[in-house]
Each structure stands twice: as structure tokens, then as C-alpha cells.
Amino acid sequence: MSHYNNQRTGHRNSGRYQYHQNNRGQFNRSRKQQQRQQTDPAPNQPYRILYPPYNFVPLNEIPIEAPCYPGKQIDQGTPVKLNMYSPELKTGYIDIKLTTLTPLYIRDTLTDPEIQEKTEKEKNTGRYINPDFFSPGEKVRIPGSSLRGMIRTLVEIVTFGKFTQFDGDRKFFYRALGDKSLDLRNKYNNLFTESIVYYGKQCYRMKCYAGFLTKINGEYCIIPSQSIQINGQNVYVFRVENNLINSISLTYNYKNYSWDDKFYFNYNRNPIHPHCDGSINLFYLKVTSILPNPSNGYQKGYLIITGIPPKKHMQHIILPPDNSATKLPIAPEFIEAYTKDKYRKAVNLIELLDSGQNELPCFYLLGQNNEVIAFGHTPYFRFPYQYKIRDLVPPALLNDNLVDISEAIFGNEKSFASRVFFEDAFPIKEVKFEPICIPKILAEPKPTCFQFYLKQENFNQEFDRNGDFRGYSGLKDYDQNFSNNNNIIRGYKLYWHHENKHLDFKASIRLDVDKENDETDFLTRLNFQNINNGNENYFEITNDMLQKIYDRNGQEALKKIIDIISKYDTQHTVLTPLSADNEFIARIRFENLTDVELGALLFVLSLPENCAHKLGMGKPLGLGSVKIEIKTLFISDRKKRYSSLELEWLDSVSDDKNQIKNLIENYIRKFEKFIKDKINWEKNCSKLSLWDHPRLKELKALLSYNPAPQSKYPNLDEYQQRHPLKKASDLKKI
């Protein structure tokens, strides 16, 4: 092994290495990618402004400590106690009115029979879909917990608080062959390929080794495979054309990963193979014939298939384990990152190994101390970034010992309880519903899309000699952290509002119910269209048909259709949203708040003109926009309360809108002044609202409802272009 490492180091430092750096991207692209780049203009377009359904409010670098919280010592006095009434603090309630601006959906709780049905279906690897809106006890309402979560996030933003409500202990992985982030592409290519000179010809070879993942005494390790020497060059991996292996029946079949160990092959000993019309030479041994049984001149091997034609035109073969070689330990940090990688769509080798396999053929990279630093099921596998999300957050925002205003108000799990309580919001009049519907599939969050999720400032577009767009240089990714590179995540992710008249959130679905059974008979009787188009045979389920079935056949028929959808479709759901223009009333109770804390609550409830809040599910599709109006602010006066049973309520609860408005504005002014003082913004901006601060300008842009931008998820090509995301305020001028 050490000899092979020394050889590779020498090749990597060869005189023609710089040429390899300049041309590496050409041979690492798949054949399909090369063809698409020649025929489809979409993957090669220069900078384009994209409007995904979300944007970000930037982080503050220093959190502001709460002026008052349980246990805090003020002026070296007795620690503050907030579990009893304090006349210096504010106790009371806020009555609010909520009006839905777009359809709103919050999923209902389950009854005991529904819980039992859900459990049974999930045991049989099925799904349970409950389309009902939140209505415990058959009473429609908006849960106070939804209001609380929304308000807490906004309070955390406007009070310049800590940033702790995120999953920061996971590393992301990347595979950057032909990536439009040119720095990332070069970095990946440096890891996985190297330039060598073989008999006077410059060529390029894979740097990965081949081996077998196993587990010994509870520790994961890799057994290296055998290798073959070709004129002093060790070869671990062979390539074979798909047309040679069509007759092979694979012993092990998994998604994107299959292999066979009863396999014999011969190969051409010439390792130089021209690619890209002869402009590049690749170094590998190519299989010329295969047999299912041993034969003279044939080598036993493991055939590994990691893709199917036409996506891949060649597969890989590795040699059997080298049982005389030292077992290679795997870096513990890689095992942790690999097991936490929830964005992996291909096979998980660790899960597969733990399910009962003894050894799994794989490919791996070695570190300086012969320790496996990464492995995968294909030679060009996904590699972990160096840093986790929390490494891209200013350290001060992660300080568990500091209590910010949001934590002081809403409490924490360890030290003290909340001092604000959100009651459920009940409808003022009869509730109006949208027709039952199938919404479009929501894209999962993609923090690996670093051109969106990380702050990008100093980047450049790069073009080739023909003027065609190559990609971007200078994009930051998760291999730079905050401390050393000032690399920072974009901040709080919020969703744009959509105007109700432009909503397009419903989808039709196709169910591949291709067997003659009770389900096909049932759908046919209900007049669902059975489409037989060549190799495709499916039922098309439309939203109009769903509503007609409910109107004509009732709840039982609809439930049967939903059960069929949950069985044959793993991505879509069914829901019954509230319509726009429903009105609700709710009460927010608070105890022992300072003027600043109460002002913070009122500040995020009283948004600027043409701004609105977001609640519930389907926010990326435009659902959940609500307008909140403060109807009453009541401050309790215990002295008055106990001197007369009625006096406190008669004197303090006012219907005078101007009086309520002045009272609210008074607390908001105190809050704004406190924040301005803490961030040293008061001197030059005393006459400006806190909404004019650069951070809150971004928040205001995202909360703006009228007009709202026409946002949508980018398509795959647009994601792959790595176009950086503009600020919310640049996309939405305010």
C-alpha cells in the first residue's frame, strides 16, 4: 500500500499536472451530460434571477441579552423571580383577529380509531392520510401552538437573538463532476482523479481504491481488494461495457447498487483509452470477455453495477479481497457523517451491511495515515464537506449560557417556563372550505444548494474561449467556515406570500393500479379514466373528480379513494383547506413581561402595511397567508382589581381604537429604542423605524403580501446552474 501511495504522489506532481487541472472537467462528465451540453442550451446559461418560494433574513453576529429573566441578577441585587405577580411588570392579554388571505391548512388530530388504523397501515409499510382540517371535538380552530411557533420565530429575528433552532450537527455530501461551481468541481476532481505520464502519454486515472466494507468486533473497516500491476502501475478497478454483461444474472440487487461474485473475466492489457474524440487519454483496464465459470487466462472478480444504460455505458469490476492485507480502519467522523446523511438517494452501505451482509464491495479514499477517509458504492462517490452547518454560524449566536429576549419570553426546557400563552383561534362565523384536493408535491429543503443557503458575495461568471458560460468561481460552500473564512449561512428561511388570485397549488396524479382487483373495479365504477398508453397503464385522479365523488357518493367512497392513493402513491397527500376570507379570534395571555418584551410581541403582531403572517402547511405553494389585527390590549392592575370586582375590567378594557393604538405604539417605541441602543443604531437613525434596519428590511420584503412576487421552485437545470440567490429586498423592492 505504501509503495502505491508513493507512486501516486509522484504522478500527481508531474510536470503536466497544470494541463490536467485546466481540462479535467471534460473527461469527468458523463456521456449523457456531454450530449446534453451540446444540444440543450438550458444548462449553459449565464446568471439568471431565480424566484424560489423562499428567501432568507440575515443573521445578526452578536445576540442581545434579555433585560429580565428568571434568575438574572440586576445591579447585584436579588435574582429576578417571575413566578409571582410583579406590579413593575406587565400582565394581561392581547385579543387578535386573524383573516385568511389565501387557503389555510393545518392537519387534524387523530381519534383513537384513526390512530389504530394508522398504526396498522404503517406496520404493513403503508401510509395513512387524514385530509381533515384541525378540528378537535368537531370544532374547527387554529391551534395556539401554530400561532406560538410563528410568533416566536419572528420575535427571535427582530430582537437580534440567538440562532439555535436548527439541525447543525450534520455534514452534507457532494459529488461535483461537471459542477457549475468551478471551485467545487476542481476540488472534487483533485480528490478523485490524478494526472500521470505513461510511456510518454499524459493520461488521467481514478485515485480511489477498491475493497470490501465489513465489521469486525463492532468496528467498521475495509479489506483491500487484490490488484494487478501493469508496467509498475497498480490497478484496482476494471471497466466493462454494458453489452458484455447483459446475459449476467446478478446475485445481489439493490437500488443503484448490484453485484455478482461468481464472475470471471479477461482484459486488454493496454491501459490507454482515448476519450472525447481523442482529446483526452484515460488510464484503465478494459474487460474484453466474461464467463460465468473458471477458465484458463480468466481472472475471478466482482462485477459492480451502479447505474443502467443509457445513463451509464460502462460498469466496474474489482478483484477478490486481499486477505493477507491489513484491515483498514475508517475515520470515525466519516462513519458519523455517513449515517447522518439523510439526503442520500442511493444505497446506504452501512445499513445494508448491518442488515446481514458479511462484506460489501466498495470504493474508498485513503488519508495520509492509511486511514479510510471516505467510501462509497461507486468510484466517484459522494464526499463529505469539511464543516457542519453550526460551523457557519457566528459562535456568539450558539451561546447556551446567554438568555435572549425570545428565550426569556417563551421559556426553555431546562430553567424556566413561558410567560406567554397562545389560546386556540376560533372562527367568528361559519367556516368556508376549499374543495378537497391533492396539492402539488413539496420539494424537500435542499441546504446542499449552497448558492441559495449560504451568503454569496464575491463570485464571478466564467466563460470559455467561445464565449459559452462555464460556471461560477468564488462560490462559497461547506468547506469554508465562519471563523476562518467569514462563511455564513443565509439566515432564517421564510416563504414568500402568493396572491390568492395567482395560486396554483393543486395537482392531478397517476396511479399505477395495473392489476385486475377490487381497487381497479372500484375506480372504474366511479368513472375514473383508466389510461393504457403503450407500457403505461394508470388511473388519472383529478381534483374535480375527487369533489364529484364526495358530492355524489359521500364520505365512504372518498375514504376508499384516499386509501388507494396512500397505497399506490408515496409522495402526494390529500387535504381540505380553509378558504380565503375566513375570520378567527384568539387571545394571547402574558405574565410579568417588561415593557420591552411586551413591545417585542406587539411589534411582530403589528406588521407594516401590506405585510402578513404565514401559518400551517403548504407555505411554498402559497397557502397559509393570514392578516393579524390587534383588537384589544389589556394590562392588569391588581390594586384596582382587588379594590373592586368590576373596576379593573371597566377601566382597562377599552373599545377606543385610538387609545388602543396609542398604547400599542408606546410599547413598540420602547422596544425599538432598546434594540437600537443595543446595536448602536440610534445615533444616525433615531428617526427611522426598526423596520428600516438592513436585516429587518429583508424580513419586511418576505412578509410583504401586496404585491407578491411570482415565485416557484427552480427546475433541475436551474439548480444545476448554481445561480446565486439575490436578497429578498433586491427581488422585492420595498
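The values are calculated or read from the model by the stated rules, or taken from the named source; none is laboratory data. Since the structure is predicted, the reported quantities are computational estimates derived from the model, not experimental observations. Cβ: placed from backbone, ideal geometry, glycine included. Neighbour counts: every protein chain shown. Heavy atoms of the whole protein, side chains included, go into the accessibility calculation; ligands, DNA and RNA do not. Shrake-Rupley method; radii C 1.70, N 1.55, O 1.52, S 1.80 Å.
Quick check: is even one residue across the range 425-435 modelled with pLDDT of 85 or more, more than 26 Å from the chain's Cα centre (by Cα), buried (at least 19 other Cβ atoms within 10 Å of the Cβ) and under 30 Å from ASN706 (Cα atoms)? Within the range 425-435, one or more residues are modelled with pLDDT of 85 or more, more than 26 Å from the chain's Cα centre (by Cα), buried (at least 19 other Cβ atoms within 10 Å of the Cβ) and under 30 Å from ASN706 (Cα atoms).
Against the conditions (1) more than 29 Å from ARG170 (Cα to Cα); (2) outside any strand (DSSP E or B), ALA443 satisfies every one except (1).
Suppose we filter ASN527, ASN582 for residues that are modelled with pLDDT under 95 and not basic (Lys, Arg); which single one remains?
ASN527
Here the condition is being under 17 Å from TYR380 (Cβ atoms) and among the basic types (Lys, Arg); of LYS286, LYS311, it holds for LYS311 alone. Residues in the range 464-478 that are at negative phi and at pLDDT below 95 were compared, and the one that is surrounded by the most Cβ atoms within 10 Å (Cβ to Cβ) is PHE469.
Going residue by residue through the range 270-277, is there one that turns out to be modelled with pLDDT under 90 and either in contact with a Gly (Cβ under 9 Å, 6 or more places away or on another chain) or assigned to a strand (DSSP E or B) (or both)? Yes, some residue in the range 270-277 is modelled with pLDDT under 90 and either in contact with a Gly (Cβ under 9 Å, 6 or more places away or on another chain) or assigned to a strand (DSSP E or B) (or both). Given the structure, is ILE389 closer than 30 Å to LEU623 by Cα, surrounded by fewer than 16 Cβ atoms within 10 Å (Cβ to Cβ) and of a type in the set (Val, Ile, Thr)? It is false that ILE389 is closer than 30 Å to LEU623 by Cα, surrounded by fewer than 16 Cβ atoms within 10 Å (Cβ to Cβ) and of a type in the set (Val, Ile, Thr). Counting only helices (runs of 4 or more DSSP H) that sit completely within the range 98-215, those holding 3 or more residues that are in contact with a strand residue (DSSP E or B) (Cβ under 8 Å, 6 or more places away or on another chain) correspond to 144-158, 182-192. A Cβ distance below 7 Å, combined with a sequence gap of six or more or placement on separate chains, defines the contacts here; from the range 479-495, residues that are within 30 Å of SER704 (Cα to Cα) reach residues that are in a strand (DSSP E or B) and open to solvent by 20 Å² or more (accessible area, probe 1.4 Å) in the pairs TYR495/LYS614. Quick check: anything in the range 338-355 touching a residue at least 12 places away in the same chain (Cβ under 8 Å) and part of a strand (DSSP E or B)? Checked against the condition, which is being touching a residue at least 12 places away in the same chain (Cβ under 8 Å) and part of a strand (DSSP E or B), the range 338-355 yields no hits at all.
Exactly one residue out of ASN246, ASN253, ASN281, ASN242 is under 42 Å from the mean Cα position of the chain (by Cα), modelled with pLDDT under 90 and open to solvent by less than 40 Å² (accessible area, probe 1.4 Å), and it is ASN242. Whenever a residue of the range 113-125 is touching a residue at least 24 places away in the same chain (Cβ under 8 Å), its partners that are surrounded by 11 or more Cβ atoms within 10 Å (Cβ to Cβ), lying with C-beta atoms within less than 7 angstrom and at least six residues away or across chains, give the pairs LYS121/ARG127; LYS121/TYR128. Number of residues in the range 327-337 that are in a loop (DSSP other than H, G, I, E, B) and open to solvent by less than 40 Å² (accessible area, probe 1.4 Å) equals 1.
If only residues of the range 135-155 that are of a type outside the set (Asp, Glu) and more than 27 Å from the chain's Cα centre (by Cα) are counted, the one that is nearest to ILE628 (Cα to Cα) is ARG141.
Scanning the range 130-145 turns up no residue that is of a type in the set (A, V, I, L, M) and free of Cβ contacts under 8 Å to residues at least 40 places away in the same chain.
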